[in-house]
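Note sheet for the following structure.
The values are calculated or read from the model by the stated rules, or taken from the named source; none is laboratory data. Computed from a prediction, not measured in an experiment: that's the story for all the values here. For neighbour counting, all protein chains shown are included, and Cβ atoms are generated from backbone atoms with ideal geometry for every residue, glycine included. We work out accessible area using only protein heavy atoms, side chains counted, and drop any ligands, DNA or RNA first. Shrake-Rupley method; radii C 1.70, N 1.55, O 1.52, S 1.80 Å.
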Amino acid sequence: CSDAMVKPVFKDGKLFVRCSYVRDAELKVVCRYGKGRTTWAELLARGDPSALVKARAAFIARRQVYRGATPDDPRDGALVEYDNETETQYHRWEQPKAAQLGPDHNEGAERIAMGVFLAMMTRMGCDEYRPLVDRYYRFLRHGLQDPDYTTWGEIDRASRRRLFNYPWVAEFHLEHYRVTGRRQSLIDACETMLKSYEKPVPYAFVESPECDIVIALRDAGLTAEADRLLAAMKSHKDLIVSPKAGVSDEVNYAPEGLAGRLTQLLGVWKLTGEAKYRDFALKTIL
């Protein structure tokens with residue numbers, strides 16, 4: 001490591017080696033021990049995490065923002081996939097064989113998290129991303145969402161209305177409110193979550209900003225909206241804790257699915273004080 005011999009330290013029956021960071025690279029640390037025996041560890045070395053985060057944001061802003069083909073292009077401001085090999089954006093809607101790649105290679109789905117990320121960076125002082133965040137708000141609210149907050153995976157209304165998209169969109173609206181102070185964005189976050197609860201299904205989201213939205217609504221004096229959202233949250237969580245809740249979807253048994261149920265049930269317990277949510281989270285899920 002770093003082209004120098006490193007002296008190991010033995011402690012409690014274990015071998016410890018401290019390696020110096022030299023540059024971003026894949027490193028192979030070789031350990032020779034015993035009578036001619038050798039083993040090694042392959043490491044991926046990366047530098048300052050804050051620099052990596054800033055570089056990611058800059059990459060998104062430079063290469064993954066879709067500039068509309070026309071002034072009224074509903075996809076203007078969308079964040080899309082980027083192919084590093086061809087150095088071009090991937091536009092699923094322009095690909096005749098796009099269906100073969102599955103529905104998640106679109107301008108929605110996990111790409112929404114990039115909008116949340118840029119909004120968070122803006123809130124932390126990176127003002128250069130504010131125009132992109134405002135453009136992204138317009139794309140989400142008027143492109144991926146209908147006036148009644150039905151949320152689609154892409155502009156094409158023949159696409160599926162993926163339930164997991166709703167919390168991402170709601171979280172962006174919440175972050176947009178935190179950046180701008182615009183009360184309508186906070187209401188958008190609330191209405192998006194309310195729309196997600198319309199389908200009575202007994203599973204939680206992988207990640208949800210629902211509790212933060214309730215708190216933000218109360219802090220903003222929007223108590224009626226906060227009460228309405230909390231009531232809908234309780235009804236949804238009651239489906240999860242119900243003895244009749246049969247769960248067959250594999251997502252519910254993935255670590256992120258379990259973590260979602262755990263944290264969201266505990267969140268509702270903190271807001272309501274009702275022990276049934278805490279008990280189910282700790283005794284059943286955990």
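For the condition of a type in the set (A, V, I, L, M, F, W, C), open to solvent by 40 Å² or more (accessible area, probe 1.4 Å), assigned to a loop (DSSP other than H, G, I, E, B) and within 30 Å of A119 (Cα to Cα), what is the one hit in A69, A55? Working first, answer last.
Values: A55 fails: assigned to a loop (DSSP other than H, G, I, E, B).
Answer to the check: A69.
So K199 fits all but one of (1) at pLDDT below 95; (2) assigned to a helix (DSSP H, G or I); what number is the exception?
Unmet for K199, out of (1) at pLDDT below 95; (2) assigned to a helix (DSSP H, G or I): (2).
Which count do you get for residues in region 22-36 that are out of contact with any Cys (no Cβ under 9 Å at 6 or more places or on another chain) and surrounded by fewer than 13 Cβ atoms within 10 Å (Cβ to Cβ)? It would help to see each step written out before you state the result.
So in region 22-36, the residues out of contact with any Cys (no Cβ under 9 Å at 6 or more places or on another chain) come out as 23-26, 31-36.
Remaining after also requiring surrounded by fewer than 13 Cβ atoms within 10 Å (Cβ to Cβ): 23-26, 32-36.
Qualifying residue count for the region: 9.
Could you identify the single residue in R92, R62 that is surrounded by fewer than 14 Cβ atoms within 10 Å (Cβ to Cβ) and either of a type in the set (K, R) or closer than 23 Å to E128 by Cα (or both)? Give the derivation first.
Numbers: R92 fails: surrounded by fewer than 14 Cβ atoms within 10 Å (Cβ to Cβ).
After ruling out the rest, the residue left standing is R62.
Of the conditions (1) β-branched (V, I, T); (2) in a helix (DSSP H, G or I); (3) in contact with a helix residue (DSSP H, G or I) (Cβ under 7 Å, 6 or more places away or on another chain), T284 fails just one. Which one is it?
(3)
In the list R111, R32, which residue meets the criterion of being touching a residue at least 12 places away in the same chain (Cβ under 8 Å) and either out of contact with any Lys or Arg (no Cβ under 6 Å at 6 or more places or on another chain) or among the hydroxyl-bearing types (S, T, Y) (or both)? Show your work before the answer.
Details: R32 fails: touching a residue at least 12 places away in the same chain (Cβ under 8 Å).
Answer to the selection: R111.
Answer yes or no: is there a residue in region 224-244 that is assigned to a helix (DSSP H, G or I), touching a Cys at 6+ places or on another chain (Cβ under 6 Å) and either of a type in the set (D, E, K, R) or surrounded by 16 or more Cβ atoms within 10 Å (Cβ to Cβ) (or both). So that I can check it myself, show each step before the final result.
Restricting attention to region 224-244, the residues satisfying the condition of being assigned to a helix (DSSP H, G or I) are 224-241.
Going one step further and asking which of them are touching a Cys at 6+ places or on another chain (Cβ under 6 Å), we end up with 225, 229.
Now drop any that are not either of a type in the set (D, E, K, R) or surrounded by 16 or more Cβ atoms within 10 Å (Cβ to Cβ) (or both), which leaves 225, 229.
For region 224-244, residues assigned to a helix (DSSP H, G or I), touching a Cys at 6+ places or on another chain (Cβ under 6 Å) and either of a type in the set (D, E, K, R) or surrounded by 16 or more Cβ atoms within 10 Å (Cβ to Cβ) (or both): present.
For L44, indicate whether it is open to solvent by 40 Å² or more (accessible area, probe 1.4 Å) and in contact with a strand residue (DSSP E or B) (Cβ under 9 Å, 6 or more places away or on another chain). Break it down into steps so the answer makes sense when it comes.
Numbers: open to solvent by 40 Å² or more (accessible area, probe 1.4 Å): yes; in contact with a strand residue (DSSP E or B) (Cβ under 9 Å, 6 or more places away or on another chain): yes.
Considered against the rule, which asks whether it is open to solvent by 40 Å² or more (accessible area, probe 1.4 Å) and in contact with a strand residue (DSSP E or B) (Cβ under 9 Å, 6 or more places away or on another chain), L44 comes out as yes.
Look at region 209-223 and say how many of its residues are open to solvent by less than 40 Å² (accessible area, probe 1.4 Å) and not in a helix (DSSP H, G or I).
Selection size over region 209-223: 3.
Suppose we filter G108, G143 for residues that are small (G, A, S) and in contact with a helix residue (DSSP H, G or I) (Cβ under 6 Å, 6 or more places away or on another chain); which single one remains?
Details: G143 fails: in contact with a helix residue (DSSP H, G or I) (Cβ under 6 Å, 6 or more places away or on another chain).
Within the list G108, G143, the selection yields G108.
Which of the residues that make up region 158-208 are in contact with a Gly (Cβ under 9 Å, 6 or more places away or on another chain) and of a type in the set (S, T, Y)?
S159, Y203, S208
In the set R63, R75, which member is under 21 Å from E154 (Cβ atoms), among the basic types (K, R) and in contact with an Asp or Glu (Cβ under 7 Å, 6 or more places away or on another chain)?
Numbers: R63 fails: in contact with an Asp or Glu (Cβ under 7 Å, 6 or more places away or on another chain).
Answer to the selection: R75.
In the set V206, V201, which member is open to solvent by 50 Å² or more (accessible area, probe 1.4 Å) and of a type in the set (A, V, I, L, M)? Spell out how you get there, then give the answer.
Numbers: V201 fails: open to solvent by 50 Å² or more (accessible area, probe 1.4 Å).
Result: V206 is the single residue among V206, V201 that is open to solvent by 50 Å² or more (accessible area, probe 1.4 Å) and of a type in the set (A, V, I, L, M).
So which residues in region 67-86 are closer than 17 Å to R111 by Cα and polar (S, T, N, Q), if there are any at all?
N84
For the structure I just gave you, tell me whether A158 is small (G, A, S), modelled with pLDDT under 95 and either open to solvent by 30 Å² or more (accessible area, probe 1.4 Å) or in contact with a Leu (Cβ under 7 Å, 6 or more places away or on another chain) (or both).
On the way: small (G, A, S): yes; modelled with pLDDT under 95: yes; either open to solvent by 30 Å² or more (accessible area, probe 1.4 Å) or in contact with a Leu (Cβ under 7 Å, 6 or more places away or on another chain) (or both): yes.
Yes.
With the requirement that a residue be at pLDDT below 80 and open to solvent by less than 90 Å² (accessible area, probe 1.4 Å), what does region 1-14 give you? Walk me through how you get there before you give the answer.
So the first thing to find is which residues in region 1-14 are at pLDDT below 80, and the list is 1-8.
Those that are at pLDDT below 80 and open to solvent by less than 90 Å² (accessible area, probe 1.4 Å): C1, S2, A4, V6, P8.
Quick check, is R123 under 21 Å from S196 (Cα atoms), of a type outside the set (S, T, Y), touching a residue at least 40 places away in the same chain (Cβ under 8 Å) and touching a helix residue (DSSP H, G or I) at 6+ places or on another chain (Cβ under 8 Å)?
The answer is no for R123.
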